[in-house]
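The values are calculated or read from the model by the stated rules, or taken from the named source; none is laboratory data. Keep in mind that this is a model prediction, so the values were computed, not measured. Positions of Cβ are backbone-derived with ideal geometry, glycine not excepted, and every protein chain shown enters the neighbour counts.
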Amino acid sequence: MLPSELSRLMDSDMDYERPNVETIKCVVVGDNAVGKTRLICARACNATLTQYQLLATHVPTVWAIDQYRVCQEVLERSRDVVDDVSVSLRLWDTFGDHHKDRRFAYGRSDVVVLCFSIANPNSLHHVKTMWYPEIKHFCPRAPVILVGCQLDLRYADLEAVNRARRPLARPIKPNEILPPEKGREVAKELGIPYYETSVVAQFGIKDVFDNAIRAALISRRHLQFWKSHLRNVQRPLLQAPFLPPKPPPPIIVVPDPPSSSEECPAHLLEDPLCADVILVLQERVRIFAHKIYLSTSSSKFYDLFLMDLSEGELGGPSEPGGTHPEDHQGHSDQHHHHHHHHHGRDFLLRAASFDVCESVDEAGGSGPAGLRASTSDGILRGNGTGYLPGRGRVLSSWSRAFVSIQEEMAEDPLTYKSRLMVVVKMDSSIQPGPFRAVLKYLYTGELDENERDLMHIAHIAELLEVFDLRMMVANILNNEAFMNQEITKAFHVRRTNRVKECLAKGTFSDVTFILDDGTISAHKPLLISSCDWMAAMFGGPFVESSTREVVFPYTSKSCMRAVLEYLYTGMFTSSPDLDDMKLIILANRLCLPHLVALTEQYTVTGLMEATQMMVDIDGDVLVFLELAQFHCAYQLADWCLHHICTNYNNVCRKFPRDMKAMSPENQEYFEKHRWPPVWYLKEEDHYQRARKEREKEDYLHLKRQPKRRWLFWNSPSSPSSSAASSSSPSSSSAVV
């Protein structure tokens, strides 16, 4: 045998031989799966377990008593000092099967700890019918301690607990959770102390075994009355009730934003709802578009649509460059002649070098590109009605991409109703296919790598001065398309800033919302592409689809501006005059759950900051609660419920009528989840009363005891008494 093993065995045997060390044998009994072994391991091994570890499949086990011989740590932890008495506690585990023979375990036991589970009423019933009679049969003189285990299940989320248990396990029902008074009634009936424990919360473990040691030492003191060190042992103490931990506030989770914002603008380009621009290519191709998308993506379009069309009338005496329309016609003829002179020049080579293309389309261009007021394209007139002469400008000298711009009455492609639109005639060198790819970039910020006409796209980007698109084409040609992602990100940042500027100034707006405290201008295309509710209103058979003013009752300008900024930019921006709850109501009306979540997070953050500044928020929380529940702000409602539950007494004291006026569902929730819980308040009240009674009993007990007790011997206090005691020792006495 190794020396270390020999010394360990000698240490364990010496506990029984030390004169001032009391060795206590404590037997732990109870039904299966009530937590006996976990309780022993928590005391003997300092084991800590989570609730989910305890909910694993139960396998009947017995903690081996020989751990005190083979494990030095267990032996060291068995030694303790209780009421100035050194003890060595030896714990004996047992099987919970009723038919097992446990007489060997009961033999020479000093104290018995009888366990039951507070989540299993049958285990408490078996305490009276099976376990206590068995204990009194095998060890009638041993004191008994009743222990309610698994205390943490009293305040746990039973739904989560049942989900975590093994599939075939019997679920724990709320009505099966035993209140503390049930265990206390049984203990009072049997005349034994009662304690509660939780291995998960590490509560009551020391209370149980320290008081079990006290009960064993008091029983031993009656038999071994000469042991003076047992004189100060107290009877088992009262246990203070367990206050469950304060539940943490729910975390506001903001879901992922709606799906990619590029899909809706691209769809809007294909299905031109609320279009206000007609782009004419090669005298015959019309493409419907939207000012707000073109102007916020291209500075050239922005300047074009802000141009004052009344300054230089189409067909008037002058144009932006001071050129007369007839001169423009001649200039165009010269370009046509120049085109025939250089007909053999390769068009793709010029596009690759990003040269300016001044020729008409080789595939379909015919005739001069000049524009006269008297010969406007008949396809734009809409059955010959609504043509407005004099509201336009010739743009050949202003930009190589545009020929002219004019306001005309045109037929809407979806509603087939005539309305005023801006008609922009593009340069004849711009082909429809590549131009649609350019428009897709202006709407979405993306360029397909598989585009075939990259050179034409680069040429159009050069004409429109969209240099980022030209760079994207160069990256694709150089097999560096991965770099286009950064360009797309920068595109969205720039457009977001321009959109916010247009919202603030009302530039290019096509609808006005009439609100309770004023009006605010907006842009139908942006609203349609970012909000299904707006798309249904402006695109469906509703009056709002054909009017420029929409009435929004019960809505303020600050709330509507916050909604518009969110729809335009995807971000939530707060302002000092913003009413959080009104914004939640508006966002819920518009079916914007992501904005609702962002506002919930903002509201909760503000409430928590106010709490840290010692501001009373109880009244605000009561107002928010039912409004949040009604308007689908469920996360804010959960937070309000948590705040009221964790401050239940204060809220009831300050707002008794409001609390009584709450819905029955909310009142039921408060009663179930209030903190501290009702059972704790009852236990605390019982504990305080029992403690006062115990103090009164101790006082009366001390008062009844004589002040002088006579012993058989006396320590001499003076020389005379020492001499007297030495002369007659048999008759000597002392007062203590």
Quiz item: Which residues, taken from region 553-591, are small (Gly, Ala, Ser) and closer than 21 Å to Val621 by Cβ?
Solution: Ser574, Ala587
Quiz item: Has region 138-155 got at least one residue that is of a type in the set (Phe, Trp, Tyr) and under 34 Å from the mean Cα position of the chain (by Cα)?
Solution: yes
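This table checks each residue for (1) of a type in the set (Gly, Ala, Ser); (2) free of Cβ contacts under 8 Å to residues at least 24 places away in the same chain; (3) under 24 Å from Glu501 (Cα atoms); (4) part of a helix (DSSP H, G or I).
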position: Ala536; (1), (2), (3), (4): yes, yes, no, yes
position: Ser574; (1), (2), (3), (4): yes, no, yes, no
position: Ile585; (1), (2), (3), (4): no, no, no, yes
position: Val604; (1), (2), (3), (4): no, no, no, yes
position: Leu622; (1), (2), (3), (4): no, no, no, yes
position: Leu627; (1), (2), (3), (4): no, no, no, yes
Quiz item: Counting residues that are exposed (fewer than 13 other Cβ atoms within 10 Å of the Cβ), which helices (runs of 4 or more DSSP H) fully inside region 93-161 reach at least 2?
Solution: 103-106, 132-138
Quiz item: Hey, does region 87-103 have a residue that's small (Gly, Ala, Ser) and within 17 Å of Arg220 (Cβ to Cβ)?
Solution: yes
Quiz prompt | Hey, Pro541 closer than 16 Å to Leu273 by Cβ and not in a helix (DSSP H, G or I) or not | solution = yes
Exercise. Inspect all residues belonging to region 645-662 and state whether any of them is within 17 Å of Asp618 (Cβ to Cβ), assigned to a loop (DSSP other than H, G, I, E, B), in contact (Cβ under 8 Å) with a residue 60 or more places away in the chain and within 23 Å of the chain's Cα centre (by Cα).
Key: no
Self-check item: Flag for Ile213 being in contact (Cβ under 8 Å) with a residue 40 or more places away in the chain, of a type in the set (Val, Ile, Thr) and either touching a His at 6+ places or on another chain (Cβ under 9 Å) or surrounded by fewer than 18 Cβ atoms within 10 Å (Cβ to Cβ) (or both)
Solution: no
Quiz item: Any residue in region 570-590 that is among the β-branched types (Val, Ile, Thr), modelled with pLDDT under 95 and out of contact with any Lys or Arg (no Cβ under 8 Å at 6 or more places or on another chain)?
Solution: yes
Quiz item: Within region 249-267, is even one residue outside any helix (DSSP H, G or I), on the phi < 0 side of the Ramachandran plot, without any contact (Cβ under 8 Å) to a residue 12 or more places away in the chain and aliphatic (A, V, I, L, M)?
Solution: yes
Quiz item: Can you spot a residue in region 446-462 that is aliphatic (A, V, I, L, M), at pLDDT below 90, under 56 Å from the mean Cα position of the chain (by Cα) and not in a loop (DSSP other than H, G, I, E, B)?
Solution: no
Quiz item: Quick one: would you say Ala401 is farther than 30 Å from Gly540 by Cβ, among the hydrophobic types (A, V, I, L, M, F, W, C), surrounded by 15 or more Cβ atoms within 10 Å (Cβ to Cβ) and modelled with pLDDT under 80?
Solution: no
